[in-house]
Each structure stands twice: as C-alpha cells, then as structure tokens.
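Novice: Take a look at this one; I'll ask things after.
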Amino acid sequence: MTPRFLLLRIRSVRPQMFLPGWPTLWLFILIICSLPAHAQGRTPDLPPDISPQAEAFPACIAKLEQQAIAEGIPAQFAQQALEKTAFLPRIIELDRKQPEFTVTFSEYMGRRVTAERVARGRELLRKYRDLLDQLVARYGIPPQYLVAFWGLETNYGSYLGKISTLDALATLACDQRRSEFFTTELINALRLLQKPGIEEPLVGSWAGAMGHTQFMPSAYLRYGIDGDGDGMANLWTSEVDALTSAANFLNKLGWKRGFRWGREVRLPDNFDFAKVGRKNKQSLEAWREAGIRTALNEPLPTLPPGRKLEAALLVPAGYRGPAFLVYDNFEVIMRWNYSEFYALSVGHLADRINGAGMLIQPPPDDLPRLSTDTIKLLQLRLQQEGFTTGKPDGILGPMTKEAIRSFQTASGMVADGYPRKSLLQALGINNLKNN
Ligand SMILES: [Ca+2]
C-alpha cells in the first residue's frame, strides 16, 4: 500500500450535480478538504530540482522496461508491472536529506538497544528456541544474533514498511544519484515477482528493503529460504522464513562459526590510541600483551591451539567512552549494513538478549552534537593541514576519523579519532554556537 501523500498522480474530481441541503453541503466540503492536494485538482508543489524528474519519469520507465526485457524479463510482464509504477517525490527528498547534526554513539545505541527491545528479544529467543537451535546447527549463526538483527531492522516485525517497492525502486532508478544500483534492484524485484506465490503489491521501506529482516530484492532472490515448507520464501508473513533467510544470508556473507562479534574491553592507563581503528588489526595475543583486558577486568580468553583471531580496537565515543575489540564477524555484520555504530548495536543487543548486562563503561552523554557544516569545515581544515579526508561531505566517516587520528598524533593529542572541542580549536574552529 502506498501512502497517498507520496503519490504523484493528478486526478480530477467531478462532483455530481445536485442541490445539497446544508448537512450534505457540509459533508461535501469536509470530504473535499480531506482529499490530498492532487485529488483536489491542484498540482502538488514540487521542489524545482525534482520537477524535471517527475516529467521525465514516463520516458525513464520506458527505458527501464527495455532494459528489463534485455535482461530476460518477459516483455508483457515487464510492461504490465512497470506501467503502473508511480514517481514518489518524497523518496527523492528522503534520499537527499542530510542530517543536520551528527548522531553520537550514545544517541545511536540508546535509541536502538532499549530495555524494551532487550526484553522482547529474550521472549522471542524462548519462543523460537527450537527453530533457532536448528539454524545454528545448519548455518552457524547463534540464536541471539538472528533475533538482534530482527530487532534492529523492524523491531521484531512491528514495522515492515508500507511503501510500494516497485514505485520506490523505479523512483530511485530514475534518479541520477544511485541509478545503476536501483535499476539492478528493480529488475531483481521483477524477477522476484515471477516466483510462485509472490504477488504485487510488494511493500517495504522507502529504499526498497522488504520483510521482517529488510532484504533488498537481490538478497531476497539469492538468500531467501522457504523455512516453513509452504513452497515459497515469504519474508513478510513468515517469521520462520525470515529468520532462516537471515541465517543463510549471514552464513554466505562469511560468518565464522564458533566466534563472537567482539567484546567490550578495558584499556590500560596511558594506552597508545594510535592503535585504534578497523584497519589496525592485531592478534588477540598482541592485544593481551598491550595490556587490554575484558570489560570486567579479566584476562582476554585464550584460544584453543590452532585457532587464530585478528581483532581491531574501536572507541566509538572517544577515549572516555567504552572500548571494543571487534573480530571477523563484526566485518560480516558490516557487510549487512556498512556502519560501525550499527554493527556495535547488533553485537551489544545480541549479548543483552543472551543475558548480558549493560555496557560496563557507558558512553559519555555530554559530547557535543556537531552540525554537518562544522564537520565539513573540520574536513576542509584537515585537508589544508595535509590530512586526507576524502571529499568534505559533512559525514564523520572512517576516512575522516583516520585523518583526525593522524592530526591528533602529529599534535601530541590523545589519538582516538574523536572530534572534541580541543581538536576543533586546534584547527581554528571556535565558533560552535550552532552546536
Ligand atoms: Ca515459506
């Protein structure tokens, strides 16, 4: 179901001629006023940069249809499915929208790993215990991780998204920004629709992800599994299919059986923060020798002979916040969603669902939320000082954090890659009144 406000379809309303009495007239006025703008005969106001795209949409759809046919979708099927698609201007707006402020680790995790979500996750772990035990035996993914992904993606199926997937993908395929990616996903959605039992309307998020674990069409096609044996992988209505498919997906992404995602750790005093970052991997033994212990101040576990583990150290809220050693399975989680905060939240939620307590070292909540303009300025200044950040985009990504760390090392600061006030001041950024 597509929310009506998202649709750009201009219809005319032709009220039948009649002579209304007052109550009927009021009812009539009420109905007219409650109709969306386009149903009232007015063209919705589109931002000037989206308007040409809306006009070019029919031609774009015709081109996509030809491409789909060239890639093996039957012509009549492609035509019938695509001719109904609508351009959704709101999706272009959502896709281009940049957050005004960066989100701190404390805020990000605080919103996703809530006491309620942990409690519900524990209930579901019990409810699906038999299935989850079968899945760990078959795919190697421990139960708590599957439940954690489910919790983060759709709050255990409580919001699957209601936007037409074909409309969403067609709109994004006709936008220049990531056209190639979404064209492939649109054609894969058409392939998916040819599977027995899968019918329009496909629904999901505004970016085309579907079902309990929010699979894109390509992932659905490649990794979707009919877990309950009814003849089709239905990721919208079958929790069994969704959990089985998620286990299969993580297995194919390279999950290492028998290993954790990582763990919270405790750093020794005077720790050298130049070792922080996903690129600086060392063996568990090397980290132990560097003085790192578990968050409960116990020695890091020793691995059985013959097993090796490479780990990287992350301090997502700077040196005053929690520290994590992350293992190979952390990279697997990032292949699902390329975000360190996301992967840390999956790992921590999985631990909590499995009975663990809160972080030993909570992230400080007094860190400033930096505006994207401030981050852009920071990136420019770092570039001017000779530290590569990539194109200044206002996003505090891995490259920018790496540049901050290099600058901090060169200036004798704690090199944790965190943009605190002293760092900004050292780069001549003093005006933080917008933060
Ligand atoms: Ca099924």
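Novice: Compute a Gaussian network model of the chain, connecting alpha carbons closer than 10 Å, and tell me which residue from GLY390, GLY140, GLY262 fluctuates the most.
Specialist: GLY390
Novice: If you take every residue apart from LYS195 with its C-beta less than 14 Å away from the C-beta of LYS195, what net charge results, scoring Lys and Arg +1 and Asp and Glu -1?
Specialist: -3
Novice: For a quick check, take a GNM of the chain with Cα springs below 10 Å and name the residue from GLY355, GLY417, GLY258 with the largest mean-square fluctuation.
Specialist: Comparing GLY355, GLY417, GLY258 in a Gaussian network model of the chain, the most mobile one is GLY258.
Novice: Separate question: Can you tell me which lysines have their Cα less than 25 Å from the Cα of LYS279? Leave out same-chain residues fewer than eight positions away.
Specialist: Result set, ordered by chain and number: LYS252, LYS256, LYS308, LYS376, LYS391, LYS401.
Novice: Count charges around GLY254 for me, please; just the other residues with Cβ under 9 Å from its Cβ, Lys/Arg as +1, Asp/Glu as -1.
Specialist: Here the charged neighbours net out to +1.
Novice: Now for a separate question. May I ask you to list the trypsin sites (Lys or Arg not before Pro) in region 81-166 that are in a DSSP loop and have at most 15 other Cβ atoms within 10 Å of their Cβ?
Specialist: For trypsin sites (Lys or Arg not before Pro) across region 81-166 that sit outside H, G, I, E and B with at most 15 neighbouring Cβ atoms in 10 Å, the list reads LYS84, LYS97, LYS162.
Novice: Still on this model: Just flag the trypsin sites (Lys or Arg not before Pro) in region 306-339 sitting in loop per DSSP whose Cβ has no more than 14 other Cβ atoms within 10 Å.
Specialist: For trypsin sites (Lys or Arg not before Pro) across region 306-339 that sit outside H, G, I, E and B with at most 14 neighbouring Cβ atoms in 10 Å, the list reads ARG307, LYS308.
Novice: Can you check what the net charge comes to around ALA356, using other residues whose Cβ is under 12 Å from the Cβ of ALA356 (Lys, Arg +1; Asp, Glu -1)?
Specialist: +2
Novice: Right, next: Mind listing which GluC sites (Glu not before Pro) in region 160-205 are in a DSSP loop and have 10 or fewer other Cβ atoms within 10 Å?
Specialist: Listed in order of number, the matching sites are GLU199.
Novice: Once the Cα atoms of the chain are picked out, what are the Rg and Dmax in Å?
Specialist: Rg and Dmax of the chain, Cα atoms, are 25.5, 90 Å.
Novice: Related question: What size of dipole, in debye to the nearest 20, comes out for the chain about its Cα centre when the only charges are +1 on Lys and Arg C-beta atoms and -1 on Asp and Glu C-beta atoms?
Specialist: Approximately 540 debye in magnitude.
Novice: Which residue fluctuates most in the GNM of the chain (Cα springs below 10 Å): GLN176, GLN408, GLN361?
Specialist: Comparing GLN176, GLN408, GLN361 in a Gaussian network model of the chain, the most mobile one is GLN176.
Novice: Starting from the Cα-Cα distance between ALA410 and SER339, subtract it from 0.36 nm times their residue separation and give me the gain in nm to one decimal.
Specialist: Once the chain is fully extended between ALA410 and SER339, it gains 22.8 nm.
Novice: With runs of 4+ DSSP H residues as the only contributors, calculate the mean residue ellipticity of the chain at 222 nm using -39,500 (n - 2.57) per run, divided by the residue total and rounded to the nearest 500.
Specialist: Value at 222 nm, helices only, nearest 500: -14000 deg cm²/dmol.
Novice: Sticking with this one: Just want the answer: with Cβ charges of +1 for Lys and Arg and -1 for Asp and Glu, which residue in GLY254, PRO196, GLY306 is farthest toward the dipole's positive end in the chain?
Specialist: The Cα lying farthest towards the positive end belongs to GLY306.
Novice: With a point put 7 Å past each Cα toward its Cβ, work out how far LYS63 is from ARG90 in nm, to one decimal.
Specialist: Label-label distance for LYS63 and ARG90, simple model: 2.7 nm.
Novice: Can you tell me the Rg and the Dmax, both Å, for the Cα atoms in region 298-379?
Specialist: 15.6, 51
Every number here is computed from the coordinates shown, using simple stated rules; none is lab data. What you are looking at is a predicted structure, and each value in this text was computed from that prediction instead of being measured. Heads up, the Cβs are rebuilt from the backbone with ideal geometry, glycines too, and the neighbour counts pull from every protein chain shown.
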